[in-house]
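All of the numbers you see were taken from the coordinates with simple rules; none came from a lab. Values in this document were obtained by computation on a predicted structure and should not be read as measured data. Note: ideal-geometry Cβ built from the backbone for every residue, glycine included; neighbour counts use all protein chains shown.
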Amino acid sequence: MKLFRFISIIFIFLLLLAGGCMQFEYTGREFAALPAGSYPKFYNSVKTVPAGVYVIMGRAELTASGSDHWEDIQDMLLAEAARRGADAVAVVSKRTKWTALYDDESANDAPSDSKVNPYSLTPDGAEIKVDLAGNPVGLPAEHRARVRIIVRALFYKNKAQFEKIVSDREKQLDQLINKPQALPGSSK
């Protein structure tokens with residue numbers, strides 16, 4: 001059992017290392033982790049999730065760099081969902097966000113997340129051809145842009161399992177409430 005836990009921790013660490021710049025945020029319930037080697041079902045859209053089979057247990061947002069592959073992003077979502085006890089994951093939205101623009105020559109010291117206009121346009125939408133000094137401005141092809149990929153997903157728990165867990169917890173709570181507790185220092 002310890003070997004499986006160790007392998008799982010190594011696997012998650014390698015996923016995080018491979019993802020590098022991936023950031024993960026989760027809000028919702030957590031249950032016992034899925035057994036080692038089993039993963040939740042993955043749905044590319046909320047519309048493809050079968051009706052009445054699952055209950056939403058939480059929401060996740062993963063932010064990755066534009067160089068990350070979709071398979072790495074999907075693996076990260078599945079690993080986090082398995083760790084939190086989810087039975088399924090469905091993508092709510094995927095979007096690409098331009099976060100910075102820099103020249104090819106300055107790629108090493110490019111800004112990380114400063115907001116700039118990635119298309120070199122004036123506020124009225126016209127392309128900028130000369131700068132304020134009258135010097136020609138480089139074409140957009142001479143620039144590179146930093147891109148962030150933002151994926152929002154829902155984590156689901158099987159409805160029957162969820163109802164059983166809730167029922168078991170209600171029974172435990174009833175037992176705690178109805179069972180008289182001995183006061184500290186009393187002989188009862």
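Given the pairs 47/159; 159/179; 47/157; 47/94, which are separated by over 23 angstrom at their Cα positions? The pairs that break the limit, which is 23 Å between Cα atoms, are 159/179.
Take 81-93, 29-41 and order them by the average number of nearby Cβ atoms within 10 Å per residue, most first; the result is 81-93, 29-41. Stretching the chain fully between residue 83 and residue 166 yields a gain of 27.9 nm (0.36 nm per residue, less the alpha carbon separation).
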